[in-house]
Amino acid sequence: MKIFFKQFRPFDFVIIGLALLLSFAPTLVTAYVYGNQSENQEIVAIIKINGQEVDRFILEEGSEQEIKTYHPNPGQYNIIEKQGDRIRIKEDNSPDQVGVKTGWISRPGQTAICLPHGFIIEILGTMSEDELILPL
């Protein structure tokens with residue numbers, strides 16, 4: 001171990017430490033600048049079956065509960081539940097139940113997927129054209 005430390009000068013450790021700190025700077029700046037943007041945006045849940053958009057819900061606090069059934073293919077069903085500012089796949093007849101186990105989703109970038117049925121719920125945030133949405 002002493003041989004390893006003899007190869008470095010004291011200033012080398014300062015440069016390495018500074019490089020490590022600067023590597024986190026873009027993430028910190030992005031989180032700070034865009035962290036409070038979610039208050040100003042409209043959250044939309046998009047329902048897709050086999051890549052085609054079939055329905056759209058605006059997710060906002062205080063909106064009424066809604067339950068809807070979709071039939072992607074004969075013999076298949078997906079029941080979704082929208083409650084205020086969140087949505088989920090409540091029930092389906094797929095073998096693995098991955099979409100049901102995902103639970104409630106409410107933030108832009110989140111998805112709930114039932115792959116055997118080709119059923120996707122995707123949450124998007126709509127903002128003005130000059131603003132940028134970055135997943136964190």
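Criterion first (modelled with pLDDT of 90 or more, surrounded by 11 or more Cβ atoms within 10 Å (Cβ to Cβ) and at negative phi) does Glu42 satisfy it? Here the answer is no, as Glu42 does not meet what is asked. Can you confirm whether Ser94 is out of contact with any Phe, Trp or Tyr (no Cβ under 6 Å at 6 or more places or on another chain), among the hydroxyl-bearing types (Ser, Thr, Tyr), loosely packed, with under 15 Cβ neighbours inside 10 Å and farther than 24 Å from Thr126 by Cβ? Criteria not met by Ser94. For first residues located in the stretch 97-115 and farther than 22 Å from His71 by Cα and part of a loop (DSSP other than H, G, I, E, B), partners that are at pLDDT below 90 and open to solvent by 50 Å² or more (accessible area, probe 1.4 Å) and lie 6+ apart or on another chain with Cβ distances below 6 Å form the pairs Ser106/Asp85; Pro108/Leu124; Gly109/Pro135.
Taken over the stretch 99-128, the criterion of being surrounded by fewer than 17 Cβ atoms within 10 Å (Cβ to Cβ), farther than 17 Å from Arg56 by Cα and either within 16 Å of the chain's Cα centre (by Cα) or among the hydroxyl-bearing types (Ser, Thr, Tyr) (or both) is satisfied by Lys101, Thr102, Gly103, Ser128.
The values are calculated or read from the model by the stated rules, or taken from the named source; none is laboratory data. These numbers come from a predicted model, not from an experiment. We place every Cβ from the backbone using ideal geometry, glycine too, and count neighbours over all the protein chains shown. Accessible surface is based on the protein model in full, side chains and every heavy atom, while ligands, DNA and RNA are left aside. Shrake-Rupley method; radii C 1.70, N 1.55, O 1.52, S 1.80 Å.
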